[in-house]
Amino acid sequence: MTLVLFLGVLIGAILIGIPVAFSLLLSAITLMLYLDLFSADILAQALINGVDSFPLLAIPFFLVAGEVMASGGLARRIVQLASSMFGHHKGGLGFVVIFTSVLLAGLSGSAVADAAALASMLFPMMAKANYPRGRSVGLLAAGGIIAPVIPPSLPLILIGVAGNISIAKLFIGGIVPGLMMGATLVVVWKLLVRNEDLEVMAKASAKERLSALYDGGWALLLPVIIIGGIRFGVFTPTEAAVVAAVYAIFVSTVIYREMTWSIFFKILVSAARSTAMVMFLVGCAMVAAWLITVAQLPQQLASSLSSLIDSPRLLMAMIMLIVFAVGMVMDLSPSVLILAPLFMPVIKLAGIDPVYFGLLFIINASIGLITPPVGNVLNVVCGVSRTPMSMAVKGIWPFVLAYLMLLSLFVVFPSIIIVPMKLLIG
């Protein structure tokens with residue numbers, strides 16, 4: 001009864017247009033009243049304690065780092081490097097999109113930010129070269145959702161906090177599946193353009209490639225610093241966020257000299273607003289998570305899934321179906337904060353690696369960012385490129401299906417993720 005009450009109030013509030021954060025708070029209050037535990041003091045204390053977490057400090061710093069990279073010339077130099085390396089192939093701009101997506105994913109950690117940057121810089125070039133509009137938008141959106149998987153990733157931080165999973169292990173474990181997502185896009189794009197008559201860019205000379213590599217070297221060094229520092233214990237993921245922000249500011253102001261005080265002030269304001277929204281959502285979700293534990297909702301869920309506890313792969317497949325369905329109508333962060341605390345006890349009971357579960361959850365929820373009817377990343381790319389949603393939906397499906405096939409592969413063969421993760425962690 002309590003599980004139905006919680007989900008009913010939550011879904012009902014969202015459907016009538018109440019923001020997700022307030023819907024979570026409303027469902028938590030409903031549970032408190034039902035359990036005869038309501039107290040304004042306890043509610044306020046739980047809300048404050050929900051955001052009183054050291055790992056969450058990484059969010060504002062990674063947001064600043066991502067904004068600085070987009071405005072300070074780092075992202076543009078990554079695009080120039082990719083163009084010099086792959087632009088001369090058939091469908092070369094598509095390969096530029098994919099290569100840039102993977103590199104930007106290691107810089108910003110935000111799917112929306114990456115997709116917007118990619119679309120603003122590369123879509124005009126693709127349109128000028130007569131690339132199919134819908135397919136181009138689909139590839140740009142599909143490339144953007146690699147960002148939540150490859151570190152530094154804000155969603156990985158959120159699921160680490162919500163599910164009590166090691167963020168350092170999530171960061172290290174996200175490298176291989178993120179690269180496999182990029183490789184999947186390469187294969188799909190190559191198949192899609194094999195019969196297309198597309199304009200090919202002039203091949204860059206060795207000197208031009210070296211110049212682009214040298215110019216973009218400072219940007220390429222950042223993910224190496226972050227991953228290397230976490231892997232060898234130099235700093236924690238939270239401290240890595242500070243390093244990323246300071247490094248990005250240094251490169252943008254001292255090396256590239258494209259960052260002005262006015263731009264930097266706007267970046268700080270934007271990052272502060274984004275941080276406030278995320279933190280309030282996290283606080284409300286943690287209140288709901290506390291009530292979920294008190295009401296023993298995970299035990300009720302485990303009881304309903306008891307027949308699958310002894311079959312981890314079937315259990316993961318069922319959970320992935322639920323996550324995909326929710327991801328189609330809800331943004332990534334709320335999906336993580338609502339579902340992760342609900343599923344984690346069941347996952348542990350079935351003996352499934354929490355890091356593996358966390359990575360699959362983020363990959364799955366990220367796919368929801370490019371699927372109708374909501375598809376926030378797809379909407380952003382459509383807005384930037386001024387492309388009708390109907391055209392974008394037709395262009396995105398080959399990439400969505402390819403990602404779902406890759407996700408199914410991860411569910412059937414967990415060792416694809418777990419073995420490389422353990423080797424990298426050492």
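The values are calculated or read from the model by the stated rules, or taken from the named source; none is laboratory data. Because the structure is a prediction, the values reported are computed rather than measured. Please note: Cβ atoms are built from the backbone with ideal geometry, for glycine as well, and neighbour counts cover all protein chains shown.
Do we have any residue at all in the range 361-379 that's more than 22 Å from F6 (Cα to Cα), touching a residue at least 24 places away in the same chain (Cβ under 8 Å) and among the aromatic types (F, W, Y)? No: the range 361-379 contains no residue that is more than 22 Å from F6 (Cα to Cα), touching a residue at least 24 places away in the same chain (Cβ under 8 Å) and among the aromatic types (F, W, Y). Residue pairs, Cβ under 7 Å, 6 or more apart or interchain, first in the range 239-266 and under 17 Å from G66 (Cβ atoms) and among the charged types (D, E, K, R), second outside any helix (DSSP H, G or I) and modelled with pLDDT under 90. List them. Final answer for the pair search is E258/G72; E258/G73. Are any residues in the range 114-138 within 15 Å of the chain's Cα centre (by Cα) and surrounded by fewer than 24 Cβ atoms within 10 Å (Cβ to Cβ), and if so, which ones? Once the filter is applied, which keeps residues that are within 15 Å of the chain's Cα centre (by Cα) and surrounded by fewer than 24 Cβ atoms within 10 Å (Cβ to Cβ), the range 114-138 yields only A116. Taken together, F38, F62 contain a single residue that is aromatic (F, W, Y), within 30 Å of N164 (Cα to Cα) and not in a helix (DSSP H, G or I), which is F38.
Of all the listed residues (I347, I417, I352), the sole one being modelled with pLDDT of 90 or more, in contact with an Asp or Glu (Cβ under 9 Å, 6 or more places away or on another chain) and more than 16 Å from V149 (Cα to Cα) is I347.
Among the numbered conditions (1) at pLDDT 85 or above; (2) surrounded by 24 or more Cβ atoms within 10 Å (Cβ to Cβ); (3) closer than 23 Å to S205 by Cα, the only one that A141 does not meet is (3). Look at M126 and say whether it is within 15 Å of L369 (Cβ to Cβ) and aliphatic (A, V, I, L, M). It is false that M126 is within 15 Å of L369 (Cβ to Cβ) and aliphatic (A, V, I, L, M).
The residues of the range 144-179 that are part of a helix (DSSP H, G or I), under 23 Å from V51 (Cβ atoms) and hydrophobic (A, V, I, L, M, F, W, C), listed by number, are L154, L156, I157, L158, I159, V161, A162, I167, A168, L170, F171. Please work out if L192 is closer than 24 Å to G73 by Cα, under 27 Å from the mean Cα position of the chain (by Cα) and of a type in the set (A, V, I, L, M, F, W, C). Considered against the rule, which asks whether it is closer than 24 Å to G73 by Cα, under 27 Å from the mean Cα position of the chain (by Cα) and of a type in the set (A, V, I, L, M, F, W, C), L192 comes out as no. The combined condition, being of a type outside the set (D, E), in contact (Cβ under 8 Å) with a residue 60 or more places away in the chain, out of contact with any Lys or Arg (no Cβ under 8 Å at 6 or more places or on another chain) and farther than 24 Å from L339 by Cα, is fulfilled by V68.
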